[in-house]
1. Would you kindly identify the strands (runs of 3 or more DSSP E) lying entirely within the stretch 421-528 that contain at least 2 residues that are buried (at least 18 other Cβ atoms within 10 Å of the Cβ)?
2. Would you pick out the residues in the stretch 541-557 that are assigned to a strand (DSSP E or B) and more than 32 Å from the chain's Cα centre (by Cα)?
3. Can you name every residue in the stretch 278-321 that is among the small types (Gly, Ala, Ser), closer than 30 Å to residue 205 by Cβ and in contact with a His (Cβ under 8 Å, 6 or more places away or on another chain)?
4. Which of the residues that make up the stretch 108-155 are surrounded by fewer than 18 Cβ atoms within 10 Å (Cβ to Cβ), at pLDDT 95 or above and part of a strand (DSSP E or B)?
5. Across the stretch 397-420, what is the number of residues that are part of a helix (DSSP H, G or I) and surrounded by fewer than 19 Cβ atoms within 10 Å (Cβ to Cβ)?
6. Regarding the stretch 549-563, can at least one residue be identified that is outside the structural domain of residue 365 (by TED's automatic domain parsing), closer than 28 Å to residue 127 by Cα, touching a Gly at 6+ places or on another chain (Cβ under 6 Å) and at pLDDT below 95?
7. Would you check which residues across the stretch 248-263 are assigned to a loop (DSSP other than H, G, I, E, B) and either buried (at least 16 other Cβ atoms within 10 Å of the Cβ) or in contact with a Gly (Cβ under 6 Å, 6 or more places away or on another chain) (or both) and list them?
8. How about the stretch 185-244: which of its residues are of a type outside the set (Gly, Ala, Ser), in the same structural domain as residue 151 (by TED's automatic domain parsing), in a loop (DSSP other than H, G, I, E, B) and closer than 14 Å to residue 173 by Cβ?
Amino acid sequence: MKPSRLRNNKLFFILCLTECVLLSGCRKNPQGSGLPEGGPDSVTTVVLSCDKARYDPGSTAHFQCDPAMDASIEYRVRYRHLDSIVHEESVTGNTWSWTVPGEDFRGYLVELYAVQGTDLILAGSTGLDVSSRWTRFPRYGFLSSFGALKQEKMAGVIDNLCRFHINGIQYYDWHCDHNRPLAGTVEQPAGSWPDIGGRTQYKATVEEYISLAREKNMASMFYDLCYGVLTNGAADGVKEEWYIFTDRNHLHKDVLELSPPFRSPIYLTDPSNPFWLDYFSARVADVYCVYDFDGFHIDQLGERGARYDYNGGTVDMARGYGKFLNRMNSDYPQKTHVFNAVAGYGQQSIAWSGADFLYNEVWSNQSSYADLKNIIDLNAYYSGGKLNTVLAAYMNYDKANTAGTFNTPGVLMTEAVIFASGGSHLELGEHMLCKEYFPNNNLSMDKQLSIGLVSYYDFLVAYENLLRDGGSFNEVSLNAVSSSFSVDSWPPRTGKVIYLAKQVGNRQVIHLLNYSNAISLSWRDLNGEQPEQRLIRDAVFRLITTKNINKIWAATPDPEGAKYRELEYTQGSGYVTFTVPVLNYWTMVVIQ
């Protein structure tokens, strides 16, 4: 755990609705389905959801539409991979199923249409991830309360996370003591125990959450520090020689001081000490004997300054993290391991030591939008482009000192940068995160943010093969033909529309990110003051290129736009001109 100011507000989570858009001005579908294509003009409220967070190749996906479809109207569902329609069929009622394709690691956009003459009404949409391994495209959430909860409440939390396609869950502060996470023994595990914060947690709750998550194809990751010991350490077998110290004479242990209601300070050991590794690996084995966790979320406390072992030698903490991770991988090769690089500390060692994906807790030393992309880029470099990144980045941090709501513009602008840069965001659980102590729920989502985030996560899944599946960021020359706004290349600047370009196979992707009304370039939006960005319609751009263009299409997660729309374009000598119908926070243009 990590301390923060606390409020004991009742936890709650706002149920999220998908948005639906009316398509008009339609034309014949160029791919031959007979269904028209078009752009959005109005909004309806139909919820489309699928039954799992991810699907194995060739498995069956089940869908639900709420409310049920009108029996007097023809409905069709379209399954799209990027710009290609892979399947289309008529549907009735409020449920149906689809056998997903056998290709692994692919994202799909599922669109439900009401057909009315030559017009289409998009009655709902969702993303769908076909991946045999969740860590390829990690979408990480959390749980932080394991009290005496009713099954209906737990099922509701998991259902909500599934609607966001969260495919892995961090069980934060579920355990008893950091040095002995399993309460009781393997033979007689405790039915309840106090966590570090003095809250009573229950075995039955943890087990039920694991079971509910597995039904949705979500992995369950138990949380603990790699080197934490409470005041009972000596009685539990922890030796003085295993700790780290702030002096060379082993007089002062390194410690994270905590005040009540926390049960104990947390003293730190050397994560590479072989005797500590033997001791702690056995404690991990105890956890797996009792609980069916899929892996271990390993935490640290960041850069601590000069630290020494019992004999006065300097401890290389960052290197020690790699040794700790290597030991977990060696002892538990079938389990998933992820290691928090707090403010980036130790990330290179972690990436080289077999983490299944990379995870950074981002702080004030990396507070700009540009910093977020830099972190993701550096992680890709460390891992040779093999591992994707999840960022724990806490929004509206100062505003969260008291009760209130998240600032929707600030949150969506941060999502746009993280997702466009190839990452995902740890933020969703029983509530949305605002502090590093996960039980803190001072801020809640309003309806606008609830709807917006569902759309952003649908977008992240539907276009994961452009956002998170290889490719390389590149330089292009893009100009605004329209005079109503100013355009410039990455990094962000206030008062500008910024473009971020990436080459993925034969597709030139251009992310348009809107900072036209931005008052700050800090993703943290500490006090929730970032304003709504100016809605730009029919923006005309000119790309300098000598390549022959076959198609240009655009997609946006924002409510005014469509998640797929083919664009008209004009190709001239050394350039192509195209019009983007809508730009609010983020629109992705794909040139083929």
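The values are calculated or read from the model by the stated rules, or taken from the named source; none is laboratory data. In this text, all values refer to a predicted model and were calculated from it rather than measured experimentally. Heads up, the Cβs are rebuilt from the backbone with ideal geometry, glycines too, and the neighbour counts pull from every protein chain shown.
1. Values: elements: 423-426, 472-474, 478-480, 487-489, 497-504, 507-514.
Fully inside the stretch 421-528 and qualifying: 423-426, 478-480, 497-504, 507-514.
2. 542, 544
3. Correct list: 295 only.
4. none
5. So the answer is 1.
6. yes
7. Across the stretch 248-263, the qualifying residues are 248, 250, 254, 258, 261, 262, 263.
8. Answer for the stretch 185-244, where residues must be of a type outside the set (Gly, Ala, Ser), in the same structural domain as residue 151 (by TED's automatic domain parsing), in a loop (DSSP other than H, G, I, E, B) and closer than 14 Å to residue 173 by Cβ: 195, 196, 199.
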